[in-house]
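This report concerns only the one structure given below.
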Amino acid sequence: MSKKLCSLFLAALMVCCAVPVLAEGPAVAVTDMMGREITLDAPVTRIVALTAADCEILCALGCEDVLVGRGEYCDYPASVLDKPSVQSGYETNLEQIIALQPQVVLMGTMAQSVEQVEALEQAGIRVVVSDAQNIEGVYTAIRMIGALTGKDAEAEAIVADMQAGFAEIAERSQDTGKTVYFEVSPLQWGLWAAGKGTFMDEIAGLCGLTNLFEDMDGWVEVSEETVLARNPDYIVTTAMYFGEGPTPVEEILSRDGWGRLDAVMNDGIFNADSNAITRPGPRLLEAAWALFDFVNGEAAEEPAA
Amino acid sequence: MQKTKRNTFTAADCLLCTLALLLALGLCVLLGSEPLALRDMADALRSMLTGGEPPIPYIASILSRRIQRSLCAALTGASLSLCGAAMQGLLRNPLADGSTLGVSTGASLGAVAAMAFGITVPGVPYAGTMVTAMAFAFGSLLLILGLAYALDRSFSTHSIILIGMIYSMFASALINLVINFSGEKIKSITFWTMGSLADSMYRDVLILLMALAVCGTVLLFSSRALNAFALGEDNARHVGVNVKAVKLTVLIAVSVLIGVCVSIGGTIGFVGLVMPHIARMLVGPNHRRLLPVSLFSGAIFLLLADLIARTLLGSRQLPIGVVTSLAGAVTFVVIFYRTGKAGNKRC
């Protein structure tokens, strides 16, 4: 009896060993944005994307059909809302992800843990981390996801499109010498601004503006006094309007002591499309055009987008 | 339930507790956010046991996740509940527990500091946070008891709890301060303070098991001394208990256990407070029965709480602290109210 089991086991072992010998080199080899090497025998056909930006990139590549699950905040394009929603962050539902049987899970670094990656890999699911902090990072993410899905050409096309668009914005903008303050979190939750090295900082530069907080790195919590003292020419708020109470622009206008800011006096407050400007995906170009149009007002010639 | 309560944890008790625990464990492995066919699960389990290739690989993976998570929940629940029971006995204080005394928050502070300042034990992954969490748990406990003693020699219930609360707030403030200055590490630290059993690994199970085996044995062997403490420290001294030694051993064992639990699952409130009380209602105040029953009931409670956390809302998981605190807060109030009333009558 045990001999039989033993030989069965041996046979199984031999089959397992034989498979890699038969297979040729990997068809897909990518390095994710944490520097981990991921190789696959074929382009991915089942994928779960946890971040909204990665989900948008996948869909822009025309890969909506390989998406078998999406993070709970993925809502663009609207058709992805039909895909099963997966909890992300520190309560990531690993069991649900495993049950969706993806080959690859695309996740960010925000609120995801090393243990989650380890647990998924144990279940035979490859984890690919995307972590774009700037426009160049978005290109890297698009190329990486393109390589995973076998859509390298499409990825290059999207990147080329974005590069051309950003180049056009830069070309049509002159250095205005004016400053812009990106308000990522409104006063009621404490002011947070986009500092140097963020894609908002880059977009400001393309539009000929200087980021009010270019002397600080990344996303920074700033004091109200500093904003008032630095007196920005433009304020870009990424707050979302839920149809109740004052709009984000009205809210800024109503703030005590903000009335003397140049941005307030010269109608320089712009409510950006929050999702487009905060997600490191293809829609950053739209967000840049929107800011370009706002800054140039009627003076702008017909925008290309 | 018989009126005369037996004094020892008999083989029958042990069998009953083990059966209940196994039942809860089985339930936790069979149920989850993804409904799976019983047949498929049986196949997957069989293949896991025999080491063969599972017929449907993803089902084996899901079961493996559930097993790791459930084992962690059971061991954490057992440890926290045992610690609560031991501290309540040692301090003769029905409200004593890692979370009310500020020990858990102290352990969190230690772990957060270890992460922020990069304290590691060379060659042993995760040991840095764990060791500092233990040290801080012990330090916190000494500090709280020291302050309480200086304030009120009688060690009254209220002053200890009050100081524990104040210390908890103080330690939380320090945690926020450290997080504020942690720069790039802010994400992993914030993540960590939320704590979760969702990403439990066999490695965690092993660490918890070892800690519980060592400290649990120490605590269980202290049960006779704890019984003597029930009539006051002087009384314990008179019947030949080495008061200082017992106190120190129990406090160290409790700190180590809470430190390990906190550094693996984060702070999980109220298990250590509530379960010993329920155990006391079931088997009476004799620590020789109370401690092992607390251990088992804590394990079962946290298993079921975790099961509710991950199944109540379908595929959406609740943080386990939500479930334990909801159940725990209500019990806490009831106990406080009832002991308060009893106290008034005595006066």
Inset, instruction - Using label points projected 7 Å from each Cα along Cα→Cβ, tell me how many nm separate B:M169 and A:R260, to one decimal. - result: 3.8 nm
Legend entry - Buried on assembly, the range B:14-63 (at least 10 Å² less accessible surface than by itself, 1.4 Å probe): B:S33, B:E34, B:G51, B:E53, B:Y58, B:S61, B:I62
Legend entry - Of all accessible heavy-atom area on the protein assembly as shown, the percent that carbon and sulfur account for (1.4 Å): 63 percent
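Show me you know the interface measure: the accessible area buried between A and B, both chains summed, probe 1.4 Å, in Å² to the nearest 100. Show your work: numbers first, answer last.
Working: alone 15790 and 17330 Å², together 30750 Å².
Buried: approximately 2400 Å² between B and A.
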Inset, instruction - For helix A:135-148, report the angle its Cα long axis makes with the longest principal axis of the Cα atoms of chain A; keep it between 0 and 90° and round to the nearest 10°. - result: 20 degrees
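Using DSSP H assignments, which helices in chain B have an axial alpha-carbon span of 27 Å or above and a mean Kyte-Doolittle hydropathy of 0.0 or higher? Kindly include the intermediate steps, with their values, before the conclusion.
Numbers: long enough: B:11-30 (28 Å, 2.42); B:57-91 (51 Å, 0.81); B:127-151 (36 Å, 1.88); B:157-180 (34 Å, 1.57); B:202-221 (28 Å, 2.01); B:243-265 (32 Å, 2.15); B:287-311 (36 Å, 1.05); B:320-346 (39 Å, 0.69).
Helices meeting the criterion: B:11-30, B:57-91, B:127-151, B:157-180, B:202-221, B:243-265, B:287-311, B:320-346.
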Legend entry - Gaussian network model of chain A, springs between alpha carbon atoms under 10 Å - residue of A:N93, A:N211, A:N271 with greatest fluctuation: A:N93
Legend entry - Between helix A:152-172 and chain A: long-axis angle, C-alpha atoms, 0 to 90°, nearest 10: 10 degrees
Inset, instruction - Among B:T76, B:F301, B:G32, flag the residue with its Cα farthest along the positive direction of the charge dipole of the range B:11-346, charges on Cβ as +1 for Lys/Arg and -1 for Asp/Glu. - result: B:F301
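Scaled to the compact-protein estimate 2.2 N^0.38 Å, what is the alpha-carbon radius of gyration of the range B:209-347, rounded to two decimal places?
Numbers: Rg = 17.2 Å, N = 139, 2.2 N^0.38 = 14.3 Å.
Dividing the Cα radius of gyration by 2.2 N^0.38 Å gives 1.20.
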Legend entry - the protein assembly as shown, accessible area per residue, ligands and nucleic acids excluded (1.4 Å, Å²): 47 Å²
Inset, instruction - Go through the range A:98-107 residue by residue and turn each phi into a ³J(HN,Hα) via Karplus (6.51, -1.76, 1.60, θ = phi - 60°); whole Hz please, and just put x for glycine and proline. - result: 4, 5, 6, 6, x, 7, 9, 10, 9, 9
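What do you reckon, how do B:D306, A:D82, B:D152 stack up by accessible area (1.4 Å probe), largest on top?
Values: B:D306 0, A:D82 135, B:D152 40 Å².
In descending accessible area the options line up as A:D82, B:D152, B:D306.
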Legend entry - Beta bridge orientation in chain A: antiparallel %, DSSP, nearest 5: 30 percent
Inset, instruction - State to the nearest 20 debye the size of the charge dipole of chain B about its Cα centre, where the only charges are +1 on K and R beta carbons and -1 on D and E beta carbons. - result: 1080 debye
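The values are calculated or read from the model by the stated rules, or taken from the named source; none is laboratory data. None of the values given here were measured: they were computed from a predicted structure. As a convention, Cβ positions derive from the backbone with ideal geometry for all residues, glycine included, and neighbour counts pool all protein chains shown. Areas reflect the complete protein model, heavy atoms only, side chains present, ligands, DNA and RNA absent. Shrake-Rupley method; radii C 1.70, N 1.55, O 1.52, S 1.80 Å.
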